[in-house]
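Everything below concerns the one structure shown next.
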Ligand code: FES
Ligand code: FES
């Protein structure tokens, strides 16, 4: 089935998707039709989390979501965490901790961690590990990622991380 257009709300703004099948993956539509390349395409089968975006209050693998099913929902991508081009607190924390190597996993991790910290500004390591268990990183060994989460969490609590 094709439509003349349908509308997706991405990072607070409506975007028309023109002449497209609503059965395309949300990841494809974001990257190739709407110009949001932040979510990465790696496995395309829900295993790696590099394509993670937020739909309303849920983190999803956008490679497994039909774009048409996200109509009328709030989609947040990594671009939405730095709307004016200013890095968000989790992004800053990743830089501070040196938690980025190739960076392929990073957008998905950032979206996931931002969501975690909205719900819990004082997560212990087990909680963080559970939250990011769907985001695979082949490079960092996770130690610096865990450190970055604690830096960002301290920032949200209004504390300096030590
Ligand atoms: S590309 Fe979607 S989970 Fe890997
Ligand atoms: S930094 Fe390379 S996959 Fe995570």
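We did not get these values from a lab; they are worked out from the coordinates using the rules stated. The structure displayed is predicted, hence computed values, not measured ones. In this analysis, Cβ positions are derived from the backbone assuming ideal geometry, glycine residues included, and neighbour counts consider all displayed protein chains.
Taking other C-beta atoms within 10 Å as the exposure proxy, 47, 57 rank 57, 47 from fewest upward.
Structural descriptor for region 5-81: relative contact order 39 percent, calculated from alpha carbon pairs under 8 angstrom and at least 6 residues apart. Rg and Dmax over the alpha-carbon atoms of region 27-98 stand at 12.7, 38 Å.
Once each part is reduced to its C-alpha centroid, what is the distance from region 106-132 to region 1-54 in angstrom? Answer, in whole Å: 23.
Sort 60-66, 106-112, 129-135 by the packing proxy (mean of other Cβ within 10 Å over each peptide's residues), most packed first.
On the way: 60-66: 21.3, 106-112: 25.9, 129-135: 17.0.
By packing density, highest mean first, the sequence is 106-112, 60-66, 129-135.
Against the chain, whose longest principal axis is taken from its Cα atoms, helix 106-119 shows a tilt of about 70°. Helical runs (DSSP H, four residues minimum) scored at -39500 (n - 2.57) apiece and divided by the length of the chain put the mean residue ellipticity at 222 nm at -8000 deg cm²/dmol. Based on C-alpha pairs under 8 angstrom that are at least 6 apart in sequence, the chain has a relative contact order of 22 percent. D by Stokes-Einstein for region 1-56, Kirkwood Rh over Cα pairs, 37 °C, 0.692 mPa s: 273 µm²/s.
Taking every DSSP beta bridge with both residues inside region 1-109, roughly what % is antiparallel (nearest 5)?
Numbers: 14 of 16 bridges.
Approximately 90 percent, going by the DSSP bridge assignments.
Scaled against 2.2 N^0.38 Å for its residue count N, the alpha carbon radius of gyration of the chain is 1.05. Annotation: extensible slack from residue 125 through residue 156 equals 9.5 nm (criterion: 0.36 nm per residue apart, minus Cα-Cα distance). With each label modelled as a point 7 angstrom along the Cα→C-beta vector, the residue 16-residue 69 pair spans 2.7 nm.
Its Cα gyration tensor gives region 89-156 an equivalent ellipsoid, and the semi-axes of that ellipsoid, as √(5λ) in whole Å with the largest first, are 16, 13, 10.
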